[in-house]
Amino acid sequence: MGRSRRTLPEELLLLALDPTTGTTAQPQSLDLGLAGAQLVELALAGRIAPDGDRIAVVAPRPTGDPTLDCALELLRRRGAPVRAVNWIGGPRLGLRQTYLSHLERCGMVHAVEGQMCGVLPTTRYQATDTAISREIKARLDSAIRTGVPPDPRTAALAALAHAVGLGKHLYPGNEGRSSRSRLRDLIRHDPMGGLVAHAVMDVQNGAGAQQRRAPAAPAGRQAAGPGGRSAPEPARGVPAQPRHGSMARAVAH
């Protein structure tokens with residue numbers, strides 16, 4: 001994989017980065033989106049492929065991108081196809097910071113040190129060239145405006161942007177309502193992007209966490225509650241997101 005083209009995680013993060021404040025929109029769901037964007041990028045590179053609602057490694061050779069190759073190796077070690085919702089819902093400690101640091105090394109953002117309440121050190125990230133972010137958004141704008149089916153990369157980016165809740169950040173207010181609706185509709189133009197985007201939304205709704213918690217019931221039977229009655233389905237909650245960074249350093253979010 002050449003480095004002449006930005007990866008989907010990088011593009012998703014640049015879309016989420018506010019050029020004025022240096023913070024990222026939707027920080028908790030963005031972490032899930034970055035994990036999902038890695039899957040789509042690996043699929044576009046021919047390393048993985050969808051297998052129903054699961055992800056299978058089809059070519060384990062490295063891509064040349066260290067962060068993507070780490071994800072690919074973890075998938076390979078699973079030995080069997082893994083459900084997308086379980087992969088995306090797994091711990092991704094520091095993934096957003098990893099990509100922010102990567103963008104800084106590439107010269108696309110620069111870190112701005114500051115303090116919160118005059119005491120707690122903070123780091124915000126400003127884009128060094130806002131034309132890059134404008135070009136990325138222009139691709140989404142074009143797909144929304146023209147109605148022409150976008151290329152798989154743009155379709156997947158649109159699906160992920162919708163899944164993590166960037167619609168109101170990219171197209172705010174009542175005037176952006178129709179654009180947000182069309183952004184959501186672009187999810188159907190890329191099967192892998194759609195699979196991953198739906199998995200991201202499922203994790204936010206607690207589906208991944210519930211499936212990991214609930215023991216498998218025997219086929220054709222429901223788990224019985226007290227008195228032999230069928231137990232109600234546990235309430236679904238949004239899984240807690242891991243903290244990024246340390247208490248001594250507040251990273252922009």
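Points worth noting:
- Here ALA45 meets each of (1) in contact with a strand residue (DSSP E or B) (Cβ under 8 Å, 6 or more places away or on another chain); (2) surrounded by fewer than 24 Cβ atoms within 10 Å (Cβ to Cβ) with one exception, condition (1).
- Contact annotation: residue pairs with Cβ atoms under 6 Å, 6 or more positions apart or on different chains, pairing a residue in the stretch 168-193 that is without any contact (Cβ under 8 Å) to a residue 24 or more places away in the chain with a partner that is hydroxyl-bearing (Ser, Thr, Tyr), are TYR171/SER179; ARG180/TYR171.
- Checked against the criteria, THR67 does not count as within 20 Å of ARG134 (Cβ to Cβ), among the polar types (S, T, N, Q) and buried (at least 16 other Cβ atoms within 10 Å of the Cβ).
- Qualifying residues in the stretch 1-22 (those that are part of a loop (DSSP other than H, G, I, E, B) and touching a strand residue (DSSP E or B) at 6+ places or on another chain (Cβ under 6 Å)) - the one surrounded by the most Cβ atoms within 10 Å (Cβ to Cβ): GLY22
- Filter result for the condition that a residue is over 16 Å from the mean Cα position of the chain (by Cα) and assigned to a loop (DSSP other than H, G, I, E, B), over ALA59, ALA49: ALA59
- Any hit, the stretch 94-108, residues being more than 20 Å from ARG6 (Cβ to Cβ) and either open to solvent by less than 30 Å² (accessible area, probe 1.4 Å) or of a type outside the set (Phe, Trp, Tyr) (or both): yes
The values are calculated or read from the model by the stated rules, or taken from the named source; none is laboratory data. Keep in mind that this is a model prediction, so the values were computed, not measured. Please note: Cβ atoms are built from the backbone with ideal geometry, for glycine as well, and neighbour counts cover all protein chains shown. In case anyone asks, the SASA skips ligands and DNA or RNA and just uses the protein heavy atoms, side chains included. Shrake-Rupley method; radii C 1.70, N 1.55, O 1.52, S 1.80 Å.
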